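Q: I'd like to ask some things about the structure below.
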Ligand code: GDP
């Protein structure tokens, strides 16, 4: 009996084991999990796969001072030539472009100084207005000091007196007696005639190429014969842009292959201008923000190479008025790299900070000679302090209304 029970249990267990066995066999095999290697950390990848990007601010060592580029001298296409207007009286025509500076600087000061009582708070506001308009700390202090003295002397002030007072002080700060002559007249002796040479320098984007084009137009409008040199050989677009400007006014443009030695292009432009018996040659240079040493080497070389054919008459530093203190810092680097003879302050139409005219002259000790007052072809004007200050202070009739 017991043996029968044991045998029965054994048989049942054996049957259950038989039933379960196929189920297990049907299970899919356990997948093999492949663990991918961890991705390499980015820093490691860069250093292995890619060489470090070339430092854009480091200039190549100066090439030996030989003239190697084969320049392309593009003669103007006569059929498409414009007749630009003369440059005289331009700043008067463009004075409304200074409206933004007029609103914040000129009107602001007129209102403050017209108050019946001018207390210390008012003088603080005068100071604030000047500083906000980028006049700079040194000039602001001087202007405020002079105004305080004058206001004390005057006592009660009529609107006309306030205006005259302010006008005089702004003119003193701007330096109405500085020599702002732009040297664009050819040098002629009994046996030779050579063109005036103007180099345009400054950071990219400030408006160098546009200024070259606008100035060429203004000179052509004044009856001069002009040649343009595209010595910004790092950007083909700059040379194309200059060629377009030249084509519009019938001027010749000299350009080199992309990457050519800028000094050799400048040299060839001056040579072509002399051969054409031109009055002036305007040379556009590259404005990469490289090291001061690189900048000095490059601009110094352009100047030396050009001087083999005669003196450089103007080195014009193009500065964007909307960049404020940053622009001034960059300008100082250029000022140390090359002897700047004049400043072109562009985009004055786009800023309420017309006081930069005062600050930049004080920082660099060089007069503003030209101002850019818009993107239009004829929106460049010789800088005239009186017209500038009158534009800032606005029309007296308007102010009284
Ligand atoms: P570059 O890199 O220094 O040669 O600068 P560009 O000549 O190419 O000019 C850069 C930009 O500034 C262009 O869009 C110009 O039209 C603009 N520009 C140049 N001068 C003036 C100016 O006086 N007023 C305004 N509003 N824009 C200007």
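What follows is calculated from the coordinates using simple rules that are stated; it is not laboratory data. Just so you know, these numbers come straight off a predicted model, no measurement behind them. All Cβ positions, even for glycine, are placed from backbone atoms using ideal geometry, and neighbour counts span all protein chains on display.
Q: Report the extension gain between residue 291 and residue 309 in nm, rounded to one decimal, defined as 0.36 nm multiplied by the number of residues separating them, less their alpha carbon distance.
A: On the way: separation 18, 0.36 × 18 = 6.48 nm, distance 2.83 nm.
Result for the pair: 3.7 nm of gain on full extension.
Q: What order do you get for 187, 225 when you list them from fewest to most C-beta neighbours inside 10 Å?
A: Numbers: 187 14, 225 18.
Neighbour counts put them in this order, fewest first: 187, 225.
Q: Send over the Kirkwood Rh of the stretch 180-307, from the inverse of the averaged 1/r over different Cα pairs, rounded to one decimal Å. Each step should come with its number before you reach the end.
A: On the way: mean 1/r = 0.0692 Å⁻¹.
Hydrodynamic radius (Kirkwood, Cα pairs) of the stretch 180-307 is 14.5 Å.
Q: I need the P(r) histogram for the stretch 344-401: all alpha carbon pairs, bin width 5 Å from 0 out to the longest distance, whole percents.
A: That works out to 4, 16, 26, 25, 15, 9, 4, 1, in percent per bin.
Q: Let me ask another. Let's test this: bin the Cα-Cα distances of the stretch 240-288 at 10 Å from zero up to the farthest pair and state each bin's percent.
A: Bin by bin from 0 Å, the calculated values are 25, 58, 18, 0.
Q: So how much slack lies between residue 82 and residue 189, counting 0.36 nm per residue of separation and subtracting their Cα-Cα distance, in nm?
A: Values: separation 107, 0.36 × 107 = 38.52 nm, distance 3.18 nm.
Once the chain is fully extended between residue 82 and residue 189, it gains 35.3 nm.
Q: Then there is this: Using Cα centres only, tell me the gap between the stretch 167-231 and the stretch 267-298 in whole Å.
A: 14
Q: Compute log10 of I(q)/I(0) for the stretch 266-310 with the Debye formula, placing one identical point scatterer on every Cα and leaving out solvent, at q = 0.16, 0.19, 0.22, 0.32 Å⁻¹, to two decimals.
A: Scattering profile of the stretch 266-310, log10 relative to I(0): -0.48, -0.62, -0.76, -1.16.
Q: Take the Cα pairs of the stretch 63-220, get the Kirkwood Rh, then feed it into Stokes-Einstein at 4 °C and 1.567 mPa s and tell me D in µm²/s.
A: Values: Rh = 20.5 Å.
After rounding, the answer is 63 µm²/s.
Q: Among rounded, prolate and oblate, which fits the stretch 196-237 when a ≥ b ≥ c are the square roots of the eigenvalues of its C-alpha gyration tensor, a/c under 1.5 means rounded, and a/b larger than b/c means prolate? It would help to have the intermediate numbers written out before the result.
A: Numbers: a/c = 2.21, a/b = 1.85, b/c = 1.19.
Prolate shape, in that a/c is at least 1.5 and a/b is the bigger ratio.
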